[in-house]
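Take a look at the structure set out below.
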Amino acid sequence: MATGALRRASKRARNAEQLAERKRACIHALLNRPWVAKEDDADLYFTIKDHYEELRNWLMDKAGFPLIVTRTIAKLDKTPVKAYPWMGFAEFRDKRDYIFFTYGLWYLEGKTELDQFLLSDIVEEIREQMVAEGIEADWANYYDRLAMARALKKLRSLGVLHNVDGDESGWAQDAERNALYECSPNARYVLRRFPRDLTGCSRLEELEDPIPYASTQEGQSMRLRHRVYRRLLLEPVVADRQWDEDDLNYVLWQRRALIDQLEKMLGWVGRRYREGLLFFHPELTGESDLFPTLSAASDLALLAAGEIRSRLSEDSGLHTEANGMIRLTRSELEAIFYQLQEKYKVFWSKELREFSSQELAELCMKHLLEWGLGEQEGEAAFLISPMLGRWQAEYGNTDLERE
């Protein structure tokens, strides 16, 4: 009897953990994908639908993110507290790409599911609307066509526009070319829902809140909680010095609750360090990009971290600021990468070996900026976050011929 009871208890525990893992997979997918489409990932879509109430309630209560589930997609309306360049579309090269993308959505708003139309109809109607609003668009201009083609390609990759015959690449090269498209029912869900009429807003800051908040103490407490969770969920790292005073007080006082909630719902491991509260993904891979990445830029960042740590201990002139940051001039950073290249180039790819120390420094700085582990200070200096010092790496023995 006792053995049977233990076996049943063990089975219930396994089932409970498997259920928790499925819910975590749902939240990770909702946070990192534009949406979960039933057509592309039916299992995950139906898991979200099965646990809709629990997921919706947690995401709304903690972050103010509305969860939308339709007959074709499950989407989390994500609103960042702070916008960063890496939050944009990597495929876009120019601000006009975003302008044409938005007008593409405007055009699709007037279509119904399975409506078909020619590329020439889309671009002409968009051009007329833009000109009426005082914005120039000239399809005889090759670069305007390229920007429009990138916008249409992104709409297709999101699944809100389907190509039936041909695509925009031919038109980008020759304005006389054409293509046939079909509208998806998901077009109206690309843009987030705003809590107020946009025509009544005069400043970008008025669009920061994902939902309306009451001016009462309870309403402002909810807004504070949502701000903290939104940043922790959407940003790689947030150091203490990067929080507003009220937000930091919440992080300090609610540290245990934050760690427990994010571990329960996302599986993250939270640790409190001198520089801030950090969260780590316990697995080597996941829905989101994880630092360090598999890119050469991450290798450079980790090697640089080790070299900087050594120089700090050797009293080489480097020192930490009061907030823990390490200030390096461009020439100091380039000197570090020159030394690293001489020491480790045998492990590097041919492309990386041929980089100048300036190019290596630029690659690393850009990578650290994207991950919140560095900051540009004017033209001449770069600040290294103390959080980078939490990682250490070195090349292992690759002598495979040794017995």
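Every number here is computed from the coordinates shown, using simple stated rules; none is lab data. What you see is a predicted model; the values in this text were computed from it and never measured. Here Cβ is always computed from backbone atoms with ideal geometry, including for glycine, and neighbour counts include all displayed protein chains.
Could you give the distance between the Cα centres of the stretch 93-155 and the stretch 337-371, to the whole Å? Here the answer is 40 Å between Cα centres. When you restrict to C-alpha pairs under 8 Å that are six or more residues apart and normalise by the size of the chain, the relative contact order lands at 13 percent. Helical content alone sets the calculated 222 nm signal of the chain at -15500 deg cm²/dmol, taking -39,500 (n - 2.57) per DSSP H segment of four or more residues and averaging over every residue. Of the residues D260, D167, the one with the fewest other Cβ atoms within 10 Å heads the list, and the complete ranking is D260, D167.
For the stretch 222-293, the list of GluC sites (Glu not before Pro) that fall in a loop by DSSP and count at most 10 other C-beta atoms within 10 angstrom reads E283.
Computed over neighbours whose Cβ is under 14 Å from that of W58, the net charge equals +2, Lys and Arg +1, Asp and Glu -1. For the stretch 86-189, the square roots a ≥ b ≥ c of the C-alpha gyration tensor eigenvalues yield an a/c under 1.5, which makes the shape rounded. Taking the Cβ of S356 as the center, what net charge do the other residues with Cβ under 14 Å away carry, scoring Lys and Arg +1 and Asp and Glu -1? Net of charged neighbours comes to -3.
Residues V346, V238, ranked from the fewest to the most other C-beta atoms within 10 Å, line up as V346, V238. Beyond 32 Å in Cα-Cα separation lie the following of the pairs K23/K111; K95/K350; K38/K111; K75/K264; K75/K350: K23/K111; K95/K350; K75/K350. Taking other C-beta atoms within 10 angstrom as a stand-in for reagent exposure, I384, I135 fall in the order I135, I384, fewest first. The structure-derived value of log10 I(q)/I(0) by the Debye sum over Cα atoms at q = 0.08 Å⁻¹ appears in the list [x] -0.40; [y] -0.45; [z] -0.59 under the label [z].
Give me the net charge for the shell around I336: Cβ to Cβ below 9 angstrom, other residues only, Lys and Arg +1, Asp and Glu -1. Local net charge: -2. Please report the orientation-averaged projected area of the stretch 291-337, defined via the convex hull of its C-alpha atoms, in nm². Result: a mean projected hull area of 3.7 nm².
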